[in-house]
Amino acid sequence: MSSETKQKRRPVIVQMESPNLIPERDLGQIPVLEAKHIGIDFGGLTAVDDFNIAMGRTEISGLIGPNGAGKTTIFNLLTNVYKPTRGTILVDGYDTAGMSITQVNKLGIARTFQNIRLFSQMTVAQNILVGFGNSMSTHLVTDMLRFPKHWKQEREYRDKAMDLLGIFDMQRFADTKAGNLPYGAQRRLEILRALATHPKVLLLDEPAAGMNPNETEELMDNILKIRDEFQIAILLIEHDMSLVMGVCEVVGVLNYGKIIAKGTPEEIQRDPKVIEAYLGKQGVK
Amino acid sequence: MEEDMATKGKPIISTGSPKGSKKRKTISTGKRYIINTVLTVLVIVIGQMMIDNGSISRYQGSVLEQVGIYIIMAVSLNIATGYLGQLPLGHAGFMSVGGYSCAIFIMRMMGPMHVTMYDFMTGTPATTLLFVCGLIFGGVCAAICGLIIGIPALRLKGDYLAIITLGFAEIIRVVMLNIDSVVGFQLTGGAKGLTGIPSYTNFTNTFVVVAISLFLIHTMMKSRHGRAILAIRDNEIAAEATGVNTTYYKTLAFVVSAFFAGVGGGLYAGCIGVMAPAKFGFMKSIEILVMVVLGGMGSMLGSVISATFLTILPEALRAFADYRMVVYAIVLILVMIFRPQGLLGDYDFSMGNFLEKIINGEFPWKKKQAEEVEADE
Ligand SMILES: Nc1ncnc2c1ncn2[C@@H]1O[C@H](COP(=O)(O)OP(=O)(O)OP(=O)(O)O)[C@@H](O)[C@H]1O
Ligand SMILES: [Mg+2]
């Protein structure tokens, strides 16, 4: 992808009434995900403090920060894996306080995990079919007695799973045990499994970890493709700056659990606080 | 009796290069079902014929019935251990609930339905109806117990779940022991047991029930419900984040497991003819668990084989009955040392796939040759 087309993709970013930024095209609708002043303490340690975000319906945002800054903890808060000590989270306008992880997923948040969590004893296709589980409607008795509806639905969703696998050109792995996949393919499968739950927001925790530059380049294209095709918002955590700068429209920088800067990738790259806290160590291009 | 069970994805990661241009012959799902049904019917018919003409003695026939019963017990426990990944230690409790309620149901319904003890030997439509209803009643009673214990127990994990289910089985045993004096009339017969149970089981109906149970458990596991259960075992947090309602599916697995344990108990009551609370103590639960662990957690064929083996072995070694638990312990320790995943791991046999391999001429030794050729190139 040339830098010119990338440039064209850059939307106008506008300020909401809260301290959040959002692409102008998504302004008309309520944000698909909004967090207000959330924070969490582990014993005495404040892992995340006063975190705010609003995700437009088709926005791709990035969250960066040094190791241990609290990025994964934020994902765990947004998906209710951890209960926030402070603040509110709205998914599609609904307050998720007190909901289970499953309910939050049904509201429209799907995620991947930094330390891969596949259903490793199941096949690749089965992993995706678990994600389709809530769209499938057969009753237990229909399935147990193998009524025609069972077969029809299994076939239909098997085809859908193959279509999803097509995004990453992984159809040939459909019947491989997920645990036997190469590392990069496991990361991609996690993304597909998340997509199978029909999310409105996709949270990707270090999707490019362990990938080589070619694979990362391919992943960038695919992330954009997924956004365009499914019309969903994507929030990603990533250490690979080329990926963050390449696909993200808004980037937030986290340090010691606090957002220290927020803006377009260009702004972030110029921000002296960021350079000091984070990019400084790796050198700015 | 093995239905066409799960085949694991081939562990070889294909690199996408098509393996030869020759198209692989496949067997359609419909044909697989026909093949499996025919084989199952054949095994049952031949077995019954051998019993009828005396090549299998009455005693051996009764041992075979017990084999069938323990197959159901092991495979049903496997739902909760192998597939769901929990460790309940109270399976004998569900078995006893199913056994008592099935036996009591049949005994109390015999009068109103004008069925005598002797009708069960010849078999009439009425006895068949009683048999089916009794087993379902036993299964449902056990399933209700599974629901009552499952809801609180499944909020706990690991050791805690093991302890609470163990305690629950003990409670059931004590209830069966004392319920007569609570309700004020004879129901379970207390410590001396429930006697005079008509022998409503025989080789054929036992193994028909075994085949149906295995089929239903297999089809459940090969559906969206089964996949959700397996997903919880493989990674609970990921399952939740993927939209699996873990509370519901854990409870479902537990209840279905209890239901089939109840069915197994119902058969047991008819086969043995006497029910006594002492038979369903802690050791019975452990015996069933050993069958599952030995066969391989999550392998239906493994449970079937080890249930068969561990039921026949003690009967064959009657003289050493006292040492049975010692043998169990030794076998279990050896398996844990040399094959911690159980004899079959999570391998499952599929008759359809097996036949497919034969008609395509894929034999293990041929594969080796093909690999050698590849290595030479
Ligand atoms: N469950 C927990 N209990 C206690 N402390 C925790 C817990 N989870 C996270 N933390 C702490 O919170 C801080 C932030 O951790 P987190 O995993 O969110 O960092 P991160 O930004 O994702 O880092 P990395 O880039 O290495 O993935 C760390 O100091 C970590 O030790
Ligand atoms: Mg992290």
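Just a few scattered comments:
- Within region B:55-71, not a single residue is within 14 Å of chain A (Cβ to nearest Cβ), of a type in the set (Val, Ile, Thr) and surrounded by fewer than 19 Cβ atoms within 10 Å (Cβ to Cβ).
- Selection count, region A:49-83, where residues are closer than 17 Å to B:Ala241 by Cα and more than 16 Å from ligand 2 (Cβ to nearest atom): 2
- Taken over region A:143-159, the criterion of being at the interface with chain B (Cβ under 9 Å from one of its Cβ atoms) and more than 18 Å from B:Ala253 (Cβ to Cβ) is satisfied by A:Leu145, A:Arg146, A:His150, A:Trp151, A:Gln153, A:Glu154, A:Tyr157.
- Candidates A:Asp163, A:Asp175 - the one that is among the acidic types (Asp, Glu) and either under 22 Å from A:Leu219 (Cα atoms) or more than 9 Å from chain B (Cβ to nearest Cβ) (or both): A:Asp163
- Of all residues in region A:43-84 being within 12 Å of the chain's Cα centre (by Cα) and within 14 Å of chain B (Cβ to nearest Cβ), the one that is nearest to ligand 1 (Cβ to nearest atom): A:Thr72
- Condition check for A:Thr85: among the β-branched types (Val, Ile, Thr) and over 28 Å from A:Gln231 (Cβ atoms): yes
- Of the set (1) surrounded by fewer than 17 Cβ atoms within 10 Å (Cβ to Cβ); (2) more than 14 Å from chain B (Cβ to nearest Cβ), all apply to A:Leu236 but (1).
- As a summary of the residue check, B:Phe280 satisfies the conditions (1) more than 13 Å from the chain's Cα centre (by Cα); (2) over 30 Å from B:Thr188 (Cβ atoms) except for the one numbered (2).
- Among the residues of region A:188-233, those identified as within 16 Å of ligand 1 (Cβ to nearest atom) and within 14 Å of chain B (Cβ to nearest Cβ) are A:Glu190, A:Leu203, A:Leu204, A:Asp205.
- Inspection of region A:85-101 finds a residue satisfying the criterion of being part of a helix (DSSP H, G or I) and either away from every other protein chain (no Cβ under 13 Å) or more than 16 Å from ligand 2 (Cβ to nearest atom) (or both).
- Of all residues in region A:45-58, those that are over 17 Å from A:Thr85 (Cβ atoms) have Cβ atoms under 6 Å from Cβ atoms of residues that are in a strand (DSSP E or B) and charged (D, E, K, R), 6 or more apart or on another chain, in A:Ala54/A:Glu34.
- Hey, B:Met176 buried (at least 17 other Cβ atoms within 10 Å of the Cβ), within 14 Å of another protein chain (Cβ to nearest Cβ) and over 30 Å from A:Gln114 (Cβ atoms) or not: no
- Index of the failed condition, B:Leu154 passing every other in (1) surrounded by fewer than 16 Cβ atoms within 10 Å (Cβ to Cβ); (2) hydrophobic (A, V, I, L, M, F, W, C); (3) in contact (Cβ under 8 Å) with a residue 40 or more places away in the chain: (1)
- Inside region B:251-270, residues that are surrounded by 24 or more Cβ atoms within 10 Å (Cβ to Cβ) and at the interface with chain A (Cβ under 10 Å from one of its Cβ atoms) make up a count of 1.
- Boolean, A:Asn105 is away from ligand 1 (no atom under 16 Å from the Cβ), under 18 Å from B:Ile237 (Cα atoms) and touching a residue at least 40 places away in the same chain (Cβ under 8 Å): yes
- Of all residues in region B:223-250, exactly one satisfies the criterion of being among the charged types (D, E, K, R), without any contact (Cβ under 8 Å) to a residue 12 or more places away in the chain and more than 7 Å from chain A (Cβ to nearest Cβ), namely B:Glu236.
- Selection within region A:21-42: residues that are more than 18 Å from the chain's Cα centre (by Cα) and within 16 Å of ligand 1 (Cβ to nearest atom). The member of this set that is nearest to A:Thr96 (Cα to Cα) is A:Ile38.
- Long-range neighbours under 6 Å by Cβ, at least six apart or interchain, first residue not assigned by TED's automatic domain parsing to the domain that holds A:Phe75 within region A:88-100, second surrounded by fewer than 16 Cβ atoms within 10 Å (Cβ to Cβ): none
- Meets criteria (of a type outside the set (A, V, I, L, M), under 30 Å from A:Thr264 (Cβ atoms) and within 16 Å of ligand 2 (Cβ to nearest atom)) for A:Arg227: no
- Condition met for A:Thr138 (free of Cβ contacts under 8 Å to residues at least 60 places away in the same chain and either hydroxyl-bearing (Ser, Thr, Tyr) or within 16 Å of ligand 2 (Cβ to nearest atom) (or both)): yes
- Counting the residues of region B:343-365 that are polar (S, T, N, Q) and away from every other protein chain (no Cβ under 14 Å) gives 1.
- The set of residues in region A:187-215 that are acidic (Asp, Glu) and in the same structural domain as A:Gln231 (by TED's automatic domain parsing) comprises A:Asp205, A:Glu206, A:Glu215.
- Pick from region A:119-135, criterion assigned to a loop (DSSP other than H, G, I, E, B) and at the interface with chain B (Cβ under 7 Å from one of its Cβ atoms), ranking: surrounded by the fewest Cβ atoms within 10 Å (Cβ to Cβ): A:Ser120
- Pair list, Cβ < 7 Å and 6+ apart or interchain, from region A:195-218 residues that are on the phi > 0 side of the Ramachandran plot to residues that are away from ligand 1 (no atom under 16 Å from the Cβ): A:His198/A:Ser135; A:Gly210/A:Tyr183; A:Gly210/A:Gly184
- Residue check, A:Ile109 touching a strand residue (DSSP E or B) at 6+ places or on another chain (Cβ under 6 Å) and in the same structural domain as A:Ile226 (by TED's automatic domain parsing): yes
- Of the helices (runs of 4 or more DSSP H) entirely within region B:122-223, those holding at least 1 residues that are at positive phi occupy B:158-183.
The values are calculated or read from the model by the stated rules, or taken from the named source; none is laboratory data. Just so we're clear, the structure is a prediction, and the values are computed from it rather than from any experiment. Don't worry about glycine lacking a Cβ; one is built from the backbone with ideal geometry, like all the others, and counts go over all protein chains shown.
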